[in-house]
Amino acid sequence: AQSVTQLGSHVSVSEGALVLLRCNYSSSVPPYLFWYVQYPNQGLQLLLKYTSAATLVKGINGFEAEFKKSETSFHLTKPSAHMSDAAEYFCAVKLTGRRALTFGSGTRLQVQP
Amino acid sequence: SAVISQKPSRDICQRGTSLTIQCQVDSQVTMMFWYRQQPGQSLTLIATANQGSEATYESGFVIDKFPISRPNLTFSTLTVSNMSPEDSSIYLCSVVGRGLAGGSTGELFFGEGSRLTVL
């Protein structure tokens, strides 16, 4: 079954440093992939999505992700972290034939001043 | 995009009681999804609610525990029955995004969630 694995439940970076959050998917067919962000006490907000078009996907708030089929990865990056980026980030996949998404375990990003 | 409203936003409940969560969407949608997010955990799909038919439950979730109603294309309810502390979670309602032409865009939009604490 298709699923996603997020490496690292917690990531801490300094303000201004590169943000790298890792996501690997298990599938022989390129799936639909998503990154969501959840700020404290809020619902989920879509950051970006990959739908078999361009492999480098740009999202909101300066985030982007690159789909790499050879590595079955869809890592999320941001060149320079802001304090406001501190949140929980979830990678998700749309399984073939389903409308609901399957979510990874999440990565909590901390940004240190 | 879709605007999704959930009520209540949070509640504290006693063991053995039941609580119904409401989800209202600002547009007509075929499918609505109910997810559970246990403390510090990811999201797990409870069920898919289609208007005019019974909800489809995922493995590990049963209708007696989580009855769902879907009376029209903009509204759904999830009841958490006979609650125990293990039911303390955030419950989230979501729908599939629609493009300008009406087709699915693939992503899900979420409500703010209903945070339940069971004592």
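The values are calculated or read from the model by the stated rules, or taken from the named source; none is laboratory data. What you see is a predicted model; the values in this text were computed from it and never measured. Heads up, the Cβs are rebuilt from the backbone with ideal geometry, glycines too, and the neighbour counts pull from every protein chain shown.
Considering only the stretch A:51-71, state which residues are at pLDDT below 90 and within 19 Å of residue A:22 (Cβ to Cβ).
The first filter runs over the stretch A:51-71 and keeps only residues at pLDDT below 90, leaving A:51-55, A:69-70.
A:55, A:69, A:70, listed by residue number.
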> Residues in the stretch A:40-55: is at least one in a strand (DSSP E or B) and touching a Pro at 6+ places or on another chain (Cβ under 7 Å)?
Replying inline: no
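Please determine, by comparing only the residues of the stretch A:29-45 that are modelled with pLDDT of 90 or more and more than 11 Å from the chain's Cα centre (by Cα), which one is nearest to residue A:106 (Cα to Cα).
Of all residues in the stretch A:29-45, those modelled with pLDDT of 90 or more come to A:33-39, A:44-45.
So of that shortlist, the ones also more than 11 Å from the chain's Cα centre (by Cα) come out as A:38-39, A:44-45.
Numbers: A:38: 10, A:39: 12, A:44: 12, A:45: 14 Å.
Applying the filter and picking the extreme gives A:38.
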> Inside the stretch A:36-58, can you point out the residues that are more than 11 Å from chain B (Cβ to nearest Cβ) and of a type in the set (Gly, Ala, Ser)?
Replying inline: A:53, A:54
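For the stretch B:29-49, which residues satisfy the criterion of being among the small types (Gly, Ala, Ser), more than 8 Å from chain A (Cβ to nearest Cβ) and either touching a residue at least 40 places away in the same chain (Cβ under 8 Å) or at negative phi (or both)? Let's see the steps before the verdict.
Restricting attention to the stretch B:29-49, the residues satisfying the condition of being among the small types (Gly, Ala, Ser) are B:40, B:42, B:47, B:49.
Cutting the leftovers down to more than 8 Å from chain A (Cβ to nearest Cβ) gives us B:40, B:47, B:49.
Correct list: B:47, B:49.
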> So residue A:78 fits all but one of (1) facing chain B (nearest Cβ under 10 Å); (2) charged (D, E, K, R); (3) touching a helix residue (DSSP H, G or I) at 6+ places or on another chain (Cβ under 8 Å); what number is the exception?
Replying inline: (1)
> Out of A:26, A:12, which single residue is modelled with pLDDT of 95 or more and away from chain B (no Cβ under 14 Å)?
Replying inline: A:12
> For the subset of the stretch B:1-26 comprising residues that are surrounded by fewer than 19 Cβ atoms within 10 Å (Cβ to Cβ) and within 14 Å of residue B:108 (Cβ to Cβ), which member is nearest to the other protein chains (Cβ to nearest Cβ)?
Replying inline: B:1
